[in-house]
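Encoded as structure tokens, the structure appears first; notes follow it.
The values are calculated or read from the model by the stated rules, or taken from the named source; none is laboratory data. Computed from a predicted model, the values in this text were never measured in an experiment. Virtual Cβ from ideal backbone geometry, glycine too; neighbours counted across all protein chains shown. Just the protein is used for accessible areas: all its heavy atoms, side chains included, with ligands, DNA and RNA removed. Shrake-Rupley method; radii C 1.70, N 1.55, O 1.52, S 1.80 Å.
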Amino acid sequence: MSVFTTVSFEQMQQWLKGYDLGELLDLQGIASGITNTNYFVTTDNGRYVLTLFEEHSAEELPNFLDLMTHLAERGIPCPHPVKNNAGRALGELNGKPAALVSCLAGRSLDNPMPQHCAAIGEVLARMHIAGASFKAGMSNLRGQEWRIATAAKVAPFLDEENHRMLDAQLEFERTFDTSGLPRGVIHADLFRDNVLMDGDKVGGVIDFYYACHDALLYDIAIAVNDWCVNADCTLDAVRVRAFLDAYHAIRPLTGEEHAAWPGMLRVAAMRFWLSRLNDLYFPQAGELTHAKDPAYFERILKHSIAAREQILAVWVNAH
């Protein structure tokens, strides 16, 4: 989340006339993240989050907003889109598609403990089960085709060692078969900064705008690569076990998922290494932006490639 499109207090006051939310009291830009424009919006009816969508079209967005509504109505702690007086959750502000959602309790964590990893593992499993009844088709816009195209863009900027790793990972992904894995709606961006922890409980899962239909294991790998990683970018076995045990207790993991686990961690690391390289070398202009270091996922990918047996051993011990 960032501010790329500025919204003034007066513009927000005017826009809110289309809602039954009372008077605007405060408007604050949110600087974290890298994709959309976000503001905290406080009215005398409560606090909300405004998102102006910088990349998605108005035609793409109803699926994401409908998904959040679907999950929230099934007990998943996620933002609930707010409908305007015309009964629509999606509007337009300053030339961009825009939506208001409920603001949830809690804050993101920099240093999650095993109990936090267990809490998010449980919520992710419940989210995957709840998402099974959401029927809208949502393709993965950051899937293999995107990874191949983005790799070609950023490759000229890499040193020789990383160029070799990039080529080797692309070749690995070419033959990595995920066709037998359970699939469904996934969050696809379940980082610590997209989860609000309220004590040891999950107060809210936010930012569903990369949600898509893909392998459920991919969602787990994305989360583990952020929630369960040590300072040196190796996996922390205790946190991984806490996460997987809690997830497995709600949605039992399969033998096919076990076999694919090391490879899926590599694919998840590759996706975010590439996106951060792309943001570094092809930045999007913004008023408040928070660039993320691609070296973090470079190191995670290197570890995932080198430590296959250790990764499998942690999975076996987890459940």
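Go through the range 17-60 and report how many residues are hydrophobic (A, V, I, L, M, F, W, C) and more than 28 Å from the chain's Cα centre (by Cα). Qualifying residue count for the region: 3. State yes or no: is PHE134 at pLDDT below 95 and not small (Gly, Ala, Ser)? So PHE134 does not fit the description; no.
Put simply, of ASP177, ASP198, ASP167 the only residue that is open to solvent by 70 Å² or more (accessible area, probe 1.4 Å) and in contact with a Gly (Cβ under 7 Å, 6 or more places away or on another chain) is ASP198. Can you tell me which residue within the range 76-88, out of those that are over 23 Å from ASN140 (Cβ atoms) and in contact with a strand residue (DSSP E or B) (Cβ under 7 Å, 6 or more places away or on another chain), is surrounded by the fewest Cβ atoms within 10 Å (Cβ to Cβ)? So, considering only residues that are over 23 Å from ASN140 (Cβ atoms) and in contact with a strand residue (DSSP E or B) (Cβ under 7 Å, 6 or more places away or on another chain), the one surrounded by the fewest Cβ atoms within 10 Å (Cβ to Cβ) is HIS80. Pairs, please: C-beta under 7 Å, at least 6 apart or cross-chain, first residue assigned to a loop (DSSP other than H, G, I, E, B) and in the range 139-157, second open to solvent by 20 Å² or more (accessible area, probe 1.4 Å)? That search, which allows pairs on different chains as well, returns SER139/HIS213; ASN140/ASP214; ARG142/TYR210. Within the range 287-298, one or more residues are surrounded by 16 or more Cβ atoms within 10 Å (Cβ to Cβ) and free of Cβ contacts under 8 Å to residues at least 24 places away in the same chain. Restricting ASN85, ASN38 to residues that are closer than 26 Å to GLN13 by Cβ and touching a residue at least 60 places away in the same chain (Cβ under 8 Å) narrows the list to ASN85. Across the range 145-164, the qualifying residues are those that are under 30 Å from GLY131 (Cα atoms) and charged (D, E, K, R), and the one among them that is surrounded by the fewest Cβ atoms within 10 Å (Cβ to Cβ) is GLU145. Restricting attention to the range 108-117, does a residue exist that is at pLDDT below 95, over 30 Å from PRO252 (Cα atoms) and either of a type outside the set (Gly, Ala, Ser) or assigned to a helix (DSSP H, G or I) (or both)? The answer is no; no qualifying residue exists.
Conditions (1) open to solvent by less than 40 Å² (accessible area, probe 1.4 Å); (2) farther than 23 Å from SER133 by Cα, marked per residue:
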| residue | (1), (2) |
| --- | --- |
| ARG192 | no, yes |
| CYS212 | yes, no |
| TYR218 | yes, no |
| CYS233 | yes, yes |
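Within the option set GLU73, GLU59, GLU55, being over 20 Å from LYS17 (Cβ atoms), in contact with a Ser or Thr (Cβ under 7 Å, 6 or more places away or on another chain) and surrounded by fewer than 17 Cβ atoms within 10 Å (Cβ to Cβ) holds for one residue only, GLU55. Restricting attention to the range 236-265, the residues that are of a type in the set (A, V, I, L, M, F, W, C) and surrounded by 20 or more Cβ atoms within 10 Å (Cβ to Cβ) add up to 9. Among the strands (runs of 3 or more DSSP E) confined to the range 1-100, there are none with at least 2 residues that are on the phi > 0 side of the Ramachandran plot and at pLDDT 95 or above. For ALA268, the conditions (1) of a type outside the set (Lys, Arg); (2) open to solvent by less than 20 Å² (accessible area, probe 1.4 Å); (3) part of a loop (DSSP other than H, G, I, E, B) all hold with the exception of (3).
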